[in-house]
Amino acid sequence: MARVHNFNAGPAAIPEPVLEKAKSELMEMAGTGMSIMEMSHRSKPFEDIIARAEAGIRRLLGVPADYAVLFLQGGASLQFAMLPMNLRRPGRSADYIDTGSWASKAIGEAKILGDVNVAWSGKKDSYSRVPNFDELSLKPDAEFVHLCSNETINGIQWPAFPKTETPLFADMSSDILSRTIDVRQFGLIYAGAQKNIGPSGMAVIIMQKELAERAPAEVPVILRYSTHIKDNSLYNTPNTWGVYMTLLTCEWLESLGGVAAIQKINEQKAAALYQTIDSSDFWRSPVRKEHRSGMNVVWRLPSEALEDAFVSKANKEGLVGLKGHRSVGGIRASIYNVITLQSVNALVAFMKEFEKKNG
Ligand SMILES: *Cc1c(COP(=O)(O)O)cnc(C)c1O
C-alpha cells in the first residue's frame, strides 16, 4: 500500500527521507555492526548521536549557551508534573494560563502539590481564543507563568507571547520548530516529540540551567532537572531510538533551510485551509481568526452526520487522521512541518468536491 496523506495529530507523520535513512541503517549503522537500538548508550557512536541531536536543536532554535537541552522520557505529560515539582519552591504559587485541554491538564498536575493561580481561563468561551495580554491576572510574586503555545485539540495558538516579569514556561509540544521563537523570552520550553520532532515517548526540554537549582530537597533524583543536566540526558538509559530520530529530523529540517524556511511553507499550508473554510457557510471555524492554529486546523460541517461522512470518504481517498479529538468532535487536520503543501492541496481539492456533492 502507498503512503497516505497523514493528518494525524500525534504520533504524526515523519519525513520520508528520515524514514529511508533510518531503514537503511537499521541492520547496521555506520561501521558499528549493529542497529541504533542494540547499541550501548555509553558507547562512542551513541554519545556522538546525542551530541549531534542536541546541537541540531540548538542551531535550529538558536538556543543560548546558558540553556540546557534535555531528552527525557515520559513525554510532555511527565513535564506537567516534573515542572512544578522542581520549579515552584515550597509555599510559593505559580501562574497558569488555561487555554484548553492541554493547559488544563498541566494545571491539574500542578495543583496536586502546591498553589496555582489561574491567571486567565478560556473555558467560558469554549476555548475559542487565547487571552489578550491585558486580560492576564499575573502575580508579581509567582514563581513562573505557564502557558501552552498551541492547543492541539482546540486548534488555537498564541500569535505572540506576553513579556512577563517572572520566568515564562511553555508547553510547545505541537508547534515547536514550526516558527521562529526567541528562546530568551522563556525560562523553560518543553515538547513531547511525537508531533514535530520524531517518535513518541520522549520530550525535549530547553531550560535556563540556573533554574534547575530551585528544586526542593524532596524531589527524587530521577525527577530532578539538575540530574539530567549534569549527565547530559544520560543519567539512565534514554530513549536511544527517539534521540536518533530527533537527530535525523533536525538534519532534514536544516537541509530545507531551517525553521524560518519551514515557517513560510507552514503559513501557506494554513492559509490554503483557512481560505477554504472561510469560502462558504458549509464550513465553520469555531475559533477566533487571529488565534487560529497554524498546526492544528479545526472546523465543523453543518451536521455530525456530514462530519462522519467527510472523515470516512476522505479515508477512502488516502486522506487520513481527520477526525477531531473525541472531546470536541468536528474535523481536525494536523499540518505539522512534515505535511507538504501538496498534501494540503489534496485535502482542499477533496473539500471542494465534498461541498459540491453535499452542500
Ligand atoms: C500531545 C500533547 C501533550 C501530551 O504529550 P504526551 O507525550 O502524550 O505526554 C501535551 N501537550 C500538548 C500541547 C500536546 O499536543
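For region 32-76, name all the residues that are surrounded by fewer than 16 Cβ atoms within 10 Å (Cβ to Cβ) and within 16 Å of the ligand (Cβ to nearest atom).
Listed by number, the list holds a single entry, GLN73.
For region 4-28, which positions are open to solvent by 80 Å² or more (accessible area, probe 1.4 Å) and among the acidic types (Asp, Glu)?
Correct list: GLU16, GLU20, GLU28.
Tally up the residues in region 141-151 that are within 12 Å of the ligand (Cβ to nearest atom) and either closer than 11 Å to LEU188 by Cβ or open to solvent by 10 Å² or more (accessible area, probe 1.4 Å) (or both), please.
Matching residues across region 141-151 total 1.
Please find, within region 274-298, the residue that is surrounded by the fewest Cβ atoms within 10 Å (Cβ to Cβ) out of those that are touching a residue at least 60 places away in the same chain (Cβ under 8 Å) and aromatic (Phe, Trp, Tyr).
PHE282
Only residues that are within 20 Å of GLU16 (Cβ to Cβ) and either surrounded by fewer than 16 Cβ atoms within 10 Å (Cβ to Cβ) or of a type in the set (A, V, I, L, M, F, W, C) (or both): list them for region 323-339, please.
Correct list: ALA333, ILE335, VAL338, ILE339.
Looking at region 213-224, is at least one residue within 16 Å of the ligand (Cβ to nearest atom) and either more than 18 Å from the chain's Cα centre (by Cα) or of a type in the set (A, V, I, L, M) (or both)?
Checked region 213-224: at least one residue is within 16 Å of the ligand (Cβ to nearest atom) and either more than 18 Å from the chain's Cα centre (by Cα) or of a type in the set (A, V, I, L, M) (or both).
Looking for whichever is touching a Gly at 6+ places or on another chain (Cβ under 7 Å), closer than 25 Å to PRO159 by Cβ and not assigned by TED's automatic domain parsing to the domain that holds LYS195 here; the options are VAL287, VAL344. Which one fits?
VAL287
Considering region 300-322 alone, what residues qualify as being open to solvent by 70 Å² or more (accessible area, probe 1.4 Å), closer than 14 Å to HIS5 by Cα and not in a loop (DSSP other than H, G, I, E, B)?
Those that are open to solvent by 70 Å² or more (accessible area, probe 1.4 Å), closer than 14 Å to HIS5 by Cα and not in a loop (DSSP other than H, G, I, E, B): LYS313, ASN315, LYS316.
Condition test on PHE169, is it more than 15 Å from the chain's Cα centre (by Cα), more than 10 Å from the ligand (Cβ to nearest atom) and aromatic (Phe, Trp, Tyr)?
no
The values are calculated or read from the model by the stated rules, or taken from the named source; none is laboratory data. Note that the coordinates shown come from a computational prediction; the quantities given were computed from them, not determined experimentally. Glycine gets a Cβ as well: all are built from the backbone with ideal geometry, and neighbour counts include every protein chain shown. Side chains included, ligands, DNA and RNA excluded: accessible areas come from the protein's heavy atoms. Shrake-Rupley method; radii C 1.70, N 1.55, O 1.52, S 1.80 Å.
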